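The values are calculated or read from the model by the stated rules, or taken from the named source; none is laboratory data. These numbers were taken from a predicted model, which means no experiment stands behind them. Note: ideal-geometry Cβ built from the backbone for every residue, glycine included; neighbour counts use all protein chains shown.
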Amino acid sequence: MSATITPAQNIGPYSSFRWAGDLCFLSGRLGLRPETGELAGADTATQTAQAMRNLHAGLLAAGLDWPQVVKTTVFLIDMSDFAVVNQVYAEYFQDSPEYPARSCVQVAGLPKPGARVEIEAVACRA
């Protein structure tokens, strides 16, 4: 069973990922459990780990993996969660030759009540 959120499970009318030449744009992933559509937990660390697992499932569905990720954007409800997110995030790039470029911004809200983090990515197959 795939751990990615399918288009039918998306919160809105968008694709989970889209190709533009050799670049793959992966839509933002919340810390939702794919089997229920509910948040994996209330805390930022748990949600970040689930968001990263959901992002990885999207990468695999596109035929990619972590080393092909060239850019991520992290959206946080509270910038004081930055250190927690960094700790979890870094675990997923341990085997990559280098970290992707990244932006991190604080936002007023995310599309699921209680969501604390959302992560999107751009990957390159070349």
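Here Arg102 meets the list (1) modelled with pLDDT under 95; (2) closer than 18 Å to Cys24 by Cβ almost entirely, failing just condition (1).
Quickly run through the range 20-37 and pick out the residues that are at pLDDT 95 or above and either in contact with a Leu (Cβ under 7 Å, 6 or more places away or on another chain) or loosely packed, with under 12 Cβ neighbours inside 10 Å (or both). So that I can check it myself, show each step before the final result.
Going through the range 20-37, the residues at pLDDT 95 or above turn out to be 20-33.
Matches in the range 20-37: Ala20, Gly21, Asp22, Cys24, Leu26, Arg29, Leu30, Gly31, Leu32.
When Thr44 is tested against the conditions (1) at pLDDT 95 or above; (2) surrounded by fewer than 19 Cβ atoms within 10 Å (Cβ to Cβ); (3) in contact with a helix residue (DSSP H, G or I) (Cβ under 8 Å, 6 or more places away or on another chain); (4) among the hydroxyl-bearing types (Ser, Thr, Tyr), the lone failure is (2).
Within the range 82-126, how many residues turn out to be touching a residue at least 60 places away in the same chain (Cβ under 8 Å), buried (at least 17 other Cβ atoms within 10 Å of the Cβ) and not hydrophobic (A, V, I, L, M, F, W, C)?
Within the range 82-126, the first condition is being touching a residue at least 60 places away in the same chain (Cβ under 8 Å), and the residues that meet it are 110-112, 114-126.
Checking which are buried (at least 17 other Cβ atoms within 10 Å of the Cβ) leaves us with 110, 115-123.
Filter once more, keeping what is not hydrophobic (A, V, I, L, M, F, W, C): 116, 118, 120.
Residues flagged as touching a residue at least 60 places away in the same chain (Cβ under 8 Å), buried (at least 17 other Cβ atoms within 10 Å of the Cβ) and not hydrophobic (A, V, I, L, M, F, W, C) within the range 82-126 amount to 3.
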